[in-house]
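Visitor: Right, I'll just put the structure down here and ask away after.
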């Protein structure tokens, strides 16, 4: 994989030019994407910015995020060849920082569940996850050092775990979702993928214009970590629990204070209302596509929208009230239980075999609903070479703390 910080260091000391770094990314895509299929289209060669804190960094952009110089097709034939007039603000910010949004990456149609043909670079017989399939796979395959994705259920954290890269779902609305195709305005969150935690922290700090998010060079101290196994949903695979235990033990060896943490029953209720909120909003967000192009929608999405039209407004309003209570209660969990971060599962297990499924978001959707920052940390690989990861979660707005704890675990795992 390509490290953003390593590339920037080589550019800074003159061993590499920004133009040379972008050329290397183009060559990597040409040579390495044939089997993986993460990239849909790339910018034609042109001038490369030589200045800026992300100069020389090629970025993959999920194909539901607007780019003025590349088609944005939403993973759907309905939008074939569609060219926005403007960049989404998060893409415009990348350009101002000197980065090159070089490639559009595959997405499931409208960021739902119907799979893409993208394959997992760690084992081509397995899915990379979804809906940010191409972005996770592009970083894992070493095609680009940074990629943008989105998460409504688990579409950053889960594919990062499946592909063995770092994924960051920031605090809700830390990065703007303007210019991003909406599925659920109460849940959609722009996130990113990178090779290492420090790479992701630097990118997020720059994108959000919040230097405090970046990681300090010194000792991270002794974070208090609560390990959550989320017993209100179907259990994970044995390998996933083993990876969680290994990460917790590594954190403890590194000086963290680790203990088990059980969430109050309210969080089981919140977990259950996530799909109600998501689907009720999706039925409105995709009303034009459904009303005018229903037969062109892929089967899983079409069936979901059929059902979503029957969700009563009262159920949606009730779900929002449950979510609000749970968000307030989560603040108390951190404060009263004396933990700085939560360590929990990133996915139910390794990436499923085949491309028929993008995996299950059951260990992600509660945290998306809570709006809190989440970071995937790769832990190990199984006998088939498939990665297993965990996620680190902090209070809303405490993205830097989540990243600092994630780096401590990353380093402790070696």
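Visitor: Could you tell me how far the Cα centroid of region 10-27 sits from the Cα centroid of region 149-183, in Å?
Guide: Here the answer is 27 Å between Cα centres.
Visitor: Say R0 is 30 Å: what FRET efficiency, to the nearest 0.05, do residue 86 and residue 324 get from their beta-carbon distance?
Guide: Numbers: r = 34 Å, r/R0 = 1.12.
It comes out at approximately 0.35.
Visitor: Taking the Cα centroid of region 384-409 and of region 300-377, what is the distance between the two, rounded to the nearest whole Å?
Guide: A separation of 16 Å, based on Cα centres.
Visitor: So, one more: For region 212-270 and region 48-73, what is the separation of their C-alpha centers, rounded to whole Å?
Guide: Comparing the Cα centres of region 212-270 and region 48-73, I get a distance of 34 Å.
Visitor: Still on this structure, please answer the following. Work out, in µm²/s and without decimals, the Stokes-Einstein translational diffusion coefficient of region 4-213 at 10 °C, 1.306 mPa s, Rh from Kirkwood over C-alpha pairs. Spell out each step's value before the answer.
Guide: Values: Rh = 16.5 Å.
For the chosen part, D equals 96 µm²/s.
Visitor: Considering only the chain, what is the antiparallel percent among its DSSP beta bridges, to the nearest 5?
Guide: Numbers: 28 of 44 bridges.
For the chain, the DSSP antiparallel bridge percentage is about 65.
Visitor: Nearest 0.05, what FRET efficiency do residue 380 and residue 288 give at R0 = 60 Å with Cβ-Cβ as r? Mind dumping the intermediate values first?
Guide: Details: r = 45 Å, r/R0 = 0.75.
Given R0 = 60 Å and the Cβ-Cβ separation, E is 0.85.
Visitor: Calculate the spin-label point distance for residue 411 paired with residue 77, positioning each point 7 Å from the Cα along the beta-carbon direction, and give it in nanometres.
Guide: The modelled label-to-label distance comes out at 5.3 nm.
Visitor: Given labels modelled 7 Å from the Cα in the Cβ direction, how far is it in nm from residue 9 to residue 259?
Guide: Spacing of the two 7 Å Cα→Cβ label points: 3.8 nm.
Here, each number is a calculation from the coordinates, and none is a lab measurement. Since the model is a prediction, treat every value here as computed from it, not as a measurement. Methodologically, a virtual Cβ is constructed for each residue, glycine included, from the backbone with ideal geometry; neighbour enumeration extends over all protein chains shown.
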